[in-house]
């Protein structure tokens with residue numbers, strides 16, 4: 001879940017409330033694979049969910065189906081580990097694709113759009129709001145205002161960089177051979193931020209990003225905020 005960076009990210013501690021210019025976001029993470037014949041249905045559902053202003057939809061491609069004859073072009077081992085983290089904590093869940101995890105609290109089939117929408121509607125909203133980060137004019141620096149609960153108990157602040165898309169991939173072998181797959185909000189990097197400055201590579205400066213506040217014990221997403229466009 002932690003990757004290396006090249007330009008600085010600085011933290012300002014002490015703030016607990018976000019700016020009111022963003023709706024309170026529900027985070028939906030889809031674990032998917034270009035090698036899984038069932039995943040395209042989940043990818044389409046995530047694209048539908050991503051249109052909602054109150055949802056942050058993120059695509060996390062995984063590697064563990066790569067042996068089926070096609071190596072996923074977006075997958076990362078770190079995303080496999082993130083899914084394992086959830087399945088160890090969520091009731092009646094295991095490693096499969098497409099799996100949607102809503103707010104870190106509920107796992108459902110990514111093929112079931114109704115189940116995803118019910119989970120979004122039913123899960124309680126947290127009172128915590130993550131402050132909107134500030135982005136420098138050259139896009140090389142984010143200034144993060146850290147919620148006051150960081151450093152208290154088991155919480156972490158994460159920055160996720162993603163490509164909004166849609167992004168398409170032509171699969172030429174394996175279970176999805178001959179298909180052109182389409183994705184939105186493909187995660188390219190996810191890092192956990194502490195009070196130290198962190199380097200951000202130039203390759204990520206043109207991407208969209210968001211800040212997540214997460215309980216490191218049970219996985220609950222306590223809050224999320226999009227970076228400025």
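The values are calculated or read from the model by the stated rules, or taken from the named source; none is laboratory data. Owing to the predicted nature of the structure, the values given are computational and were not obtained by experimental measurement. We place every Cβ from the backbone using ideal geometry, glycine too, and count neighbours over all the protein chains shown.
Number of residues in region 199-210 that are modelled with pLDDT under 90, crowded, with 16+ Cβ neighbours inside 10 Å and assigned to a strand (DSSP E or B) equals 1. Check region 86-96 and report whether any residue there is under 20 Å from residue 163 (Cα atoms) and either crowded, with 16+ Cβ neighbours inside 10 Å or at pLDDT below 95 (or both). No, every residue in region 86-96 fails to be under 20 Å from residue 163 (Cα atoms) and either crowded, with 16+ Cβ neighbours inside 10 Å or at pLDDT below 95 (or both).
Every listed requirement among (1) surrounded by 17 or more Cβ atoms within 10 Å (Cβ to Cβ); (2) in contact with a helix residue (DSSP H, G or I) (Cβ under 8 Å, 6 or more places away or on another chain) is met by residue 224 save one, (2). Looking only at residues in region 128-154 that are surrounded by fewer than 18 Cβ atoms within 10 Å (Cβ to Cβ) and either in a strand (DSSP E or B) or on the phi > 0 side of the Ramachandran plot (or both), the one that is modelled with the lowest pLDDT is 151.
Name the residue that is surrounded by the fewest Cβ atoms within 10 Å (Cβ to Cβ), counting only residues in region 155-198 that are at pLDDT below 85 and within 20 Å of the chain's Cα centre (by Cα). Don't jump to the end; show me each part of the working.
Going through region 155-198, the residues at pLDDT below 85 turn out to be 193-198.
Next, only the ones that are within 20 Å of the chain's Cα centre (by Cα) stay: 193-194, 198.
On the way: 193: 22, 194: 12, 198: 21.
Filtering region 155-198 for residues that are at pLDDT below 85 and within 20 Å of the chain's Cα centre (by Cα), the one surrounded by the fewest Cβ atoms within 10 Å (Cβ to Cβ) comes out as 194.
Looking only at region 53-81, which residues are assigned to a helix (DSSP H, G or I) and either under 16 Å from residue 102 (Cα atoms) or in contact (Cβ under 8 Å) with a residue 60 or more places away in the chain (or both)? Passing the criteria: 68, 78, 79, 81.
Among the candidates 56, 123, single out the residue that is in contact with a strand residue (DSSP E or B) (Cβ under 8 Å, 6 or more places away or on another chain) and either crowded, with 18+ Cβ neighbours inside 10 Å or closer than 28 Å to residue 200 by Cα (or both). None of the others qualify; the one that does is 56.
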